[in-house]
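Working notes, structure below.
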Amino acid sequence: MSSLVTETDAGRPTGRSALSRLLGRTPIWFLVPAIGLLAGFAVYPLIVLVRMSLSDVGPSNIVGEWSFIGLQNFVEVLSDDEIWLALARTIGVALVLLASNFVFGFVGASILSVGGRVTETVLAVMVFVWALPPIVSGSAFKFLLDDSGPINSALDAVGIAPVSWLSSPDLALWSVTGIIAWAALPFSVLVIRGALMAVPVDLVEAAALDGAGYWRTQFRIVLPQLRPTLGILAILTVLYAFKSFDFFYVTTKGGPGTTTNTLPVLAYNTAFSGFEMSTGATIALVSMLAVAIFAVPYIRAVRREEQP
Amino acid sequence: MISRPLRTTFRVLALVLGLAYLLPLLWIVLTSFKTKQQVLTEPNGIFFTPTLDTYANVVGDGIGAILTSLQIAIAVTLITLLIAVPAAAALARRVSVGWNRVITVFLAALLVLQMVPQPMTVIPLYSVLASWKLLGTLGGLIVADIALLLPFAIMLLRPFALAIPSALYEAAELDGAGRWRTFRSLTVPLLSNGILTVVCIVFISAWGEFVYAINFLPQGIVLPVSGLLAQQNSTYSAEWNSLMALAVITSLPLLLLFVVSQRRLIAGLSLGAVK
């Protein structure tokens, strides 16, 4: 690497293209390993995913020849009710997460932005839970919400009939959504709290002098200041809903029946339980389109934050 | 500014919030110290004679899984770090207009890659690993994990790299230090806080990853702890005490890291998390 630098510094040998001269002055070599690995194992798989969706791939020919069948998979997938139901469920999950992350997130952040040992400890516990592998917190809730688990036996003790949290077709989706909301809240509190602390103190004090109460100040004065942060948080939350898979896999695997099949769960189950690789790939691609719609404003927002 | 009664209300609310997160954790730990019988008859019993039998059984059966997890997590963390630190450093240096453009494109690509849901990558990776003869090997799983975590690691490190003043780089250049030398003796030491954060996060994520593990490792081979946990979870006659003991073992690395560097971890996460 150092030879490259000296070569460039030593008055540009003739015969080198403009491109390599340009690259010689940049830290491109520091980026090459990352580019190589991501090209091979992150970008290339996405290309394979597209090829898969345009071919007929099952367990027998996963290694071997794939016959090109055009858009047939897409026609099949989009004319099946299952994907639209899954889309509706995913949107439902996203809406609940948005409400929870904003309402509980803002209130929680307000509560925890008052200093002290209690708040610090609570924050630490929440961050710990957030960093916990989803397989762990998912397993914990599978136990807690089991038909004869601790929560139901606690309900029983106060005379309430047990609830089939994870085994009732009507309730399971919302129970899992509740678990996801619980697991996602610490992140939202952390982000909103960070933004709260950055709101100018004199702004808040001026409102207090005008006689505005705490919550009035929080909602009228502070909340509007948080708009950029909340914008990014909203997009991240929706993306999270479209990505959420671990908790479903651990707790219900899409069941009972197909009642908790959100888009990622449906794609996974189709490919790895039904062994219809190309149908799974097609569902995956359709749901990535939904993700892409939110990706554009997110990337814009992040870039805006970057530019001072 | 905040009145005294409000402050008290806040403290109470904070405690409620804390309990909502602490109680489930407590129940995992409590259950892991019970016998199977105790869990079935009294899932909420707080007073019981704790037993280490469950742990003895789980660790005895799962020592292979723990070793596999360690191998995977250490390899993934090391290699991710080796690739991510130089990349983050390069992406934080605005040396020319052309390079700035490269940075923008690369960052956008990283953001997109981070947004791709894991079930969407597991489907094609299955065939990619199969055709490269990596399916069913630890190496294949490790590479897949690295590709999964690398974008996040670079994005997490970059703010730390941006905080290094460019005057330092100019001084190093004046002193005649080459790129590699500058990287080794200037960038890496100044990034140590960021590197610590990334090591923690990547290690925990690789240790807890199970979707790739259960699909890319062949049936019958020793799964990592997380994969074992996922597998046990799907059997219907769940032995909750063993399951919770496995869950505790799966969260041990995080617990250790938290005890050692909780403050720095929270600060580092707050810096990098929003991106």
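The values are calculated or read from the model by the stated rules, or taken from the named source; none is laboratory data. Remember, predicted model here, so these are calculated numbers, not experimental data. Heads up, the Cβs are rebuilt from the backbone with ideal geometry, glycines too, and the neighbour counts pull from every protein chain shown. Heavy atoms of the whole protein, side chains included, go into the accessibility calculation; ligands, DNA and RNA do not. Shrake-Rupley method; radii C 1.70, N 1.55, O 1.52, S 1.80 Å.
Select from region A:79-113 the residues that are of a type in the set (S, T, N, Q) and buried (at least 16 other Cβ atoms within 10 Å of the Cβ) and write down the one among them that is farthest from A:Met197 (Cα to Cα). Spell out the reasoning first.
Keep residues of region A:79-113 that are of a type in the set (S, T, N, Q), which gives A:79, A:90, A:100-101, A:110, A:113.
In the following step, the residues that additionally are buried (at least 16 other Cβ atoms within 10 Å of the Cβ) were identified as A:90, A:100-101, A:110, A:113.
Values: A:Thr90: 33, A:Ser100: 21, A:Asn101: 18, A:Ser110: 10, A:Ser113: 7 Å.
This residue is A:Thr90.
If A:Pro162 passes every condition in (1) at pLDDT below 90; (2) assigned to a loop (DSSP other than H, G, I, E, B); (3) of a type outside the set (Asp, Glu); (4) closer than 20 Å to A:Phe247 by Cα but one, which one does it miss?
A:Pro162 satisfies every listed condition except (4).
Would you mention how many residues in region A:27-84 are more than 11 Å from chain B (Cβ to nearest Cβ) and assigned to a helix (DSSP H, G or I)? Even if it seems obvious, please write down each step before you answer.
Within region A:27-84, the subset more than 11 Å from chain B (Cβ to nearest Cβ) is A:54, A:56, A:58, A:60, A:65, A:67-84.
Restricting the remaining residues to those that are assigned to a helix (DSSP H, G or I) gives A:60, A:72-78, A:81-84.
Residues meeting the conditions: 12.
Does any residue of region A:194-202 turn out to be open to solvent by less than 10 Å² (accessible area, probe 1.4 Å) and either closer than 21 Å to A:Thr177 by Cβ or part of a helix (DSSP H, G or I) (or both)? Break it down into steps so the answer makes sense when it comes.
From region A:194-202, those open to solvent by less than 10 Å² (accessible area, probe 1.4 Å) are none; that's our starting set.
No; the residues of region A:194-202 include none that is open to solvent by less than 10 Å² (accessible area, probe 1.4 Å) and either closer than 21 Å to A:Thr177 by Cβ or part of a helix (DSSP H, G or I) (or both).
If we scan region B:38-56, do we find a residue that is at the interface with chain A (Cβ under 10 Å from one of its Cβ atoms), under 26 Å from A:Pro133 (Cβ atoms) and either assigned to a helix (DSSP H, G or I) or open to solvent by 70 Å² or more (accessible area, probe 1.4 Å) (or both)?
Yes: one or more hits.
Residues to consider are B:Ala92, B:Ala171; find the one that is open to solvent by 10 Å² or more (accessible area, probe 1.4 Å), more than 8 Å from chain A (Cβ to nearest Cβ) and in contact with a Lys or Arg (Cβ under 9 Å, 6 or more places away or on another chain). Before you say what the answer is, go through the steps one by one.
Working: B:Ala171 fails: in contact with a Lys or Arg (Cβ under 9 Å, 6 or more places away or on another chain).
None of the other options fit; the residue is B:Ala92.
Can you tell me how many residues within region A:241-263 are touching a Pro at 6+ places or on another chain (Cβ under 8 Å), of a type in the set (Gly, Ala, Ser) and open to solvent by less than 30 Å² (accessible area, probe 1.4 Å)?
1
For the condition part of a helix (DSSP H, G or I), out of contact with any Asp or Glu (no Cβ under 7 Å at 6 or more places or on another chain) and open to solvent by 20 Å² or more (accessible area, probe 1.4 Å), what is the one hit in B:Val199, B:Val222?
B:Val199
Scanning for something buried (at least 20 other Cβ atoms within 10 Å of the Cβ), at pLDDT below 90 and not in a helix (DSSP H, G or I), does region A:264-282 turn up at least one residue?
Scanning region A:264-282, I find at least one residue that is buried (at least 20 other Cβ atoms within 10 Å of the Cβ), at pLDDT below 90 and not in a helix (DSSP H, G or I), so the answer is yes.
I'd like the full set of residues that are buried (at least 18 other Cβ atoms within 10 Å of the Cβ) and either without any contact (Cβ under 8 Å) to a residue 60 or more places away in the chain or of a type in the set (A, V, I, L, M, F, W, C) (or both), limited to region A:223-240. Write out each step before concluding.
Pass one, region A:223-240, residues buried (at least 18 other Cβ atoms within 10 Å of the Cβ): A:226, A:229-230, A:232-240.
Within region A:223-240, A:Leu226, A:Thr229, A:Leu230, A:Ile232, A:Leu233, A:Ala234, A:Ile235, A:Leu236, A:Val238, A:Leu239 meet the criteria.
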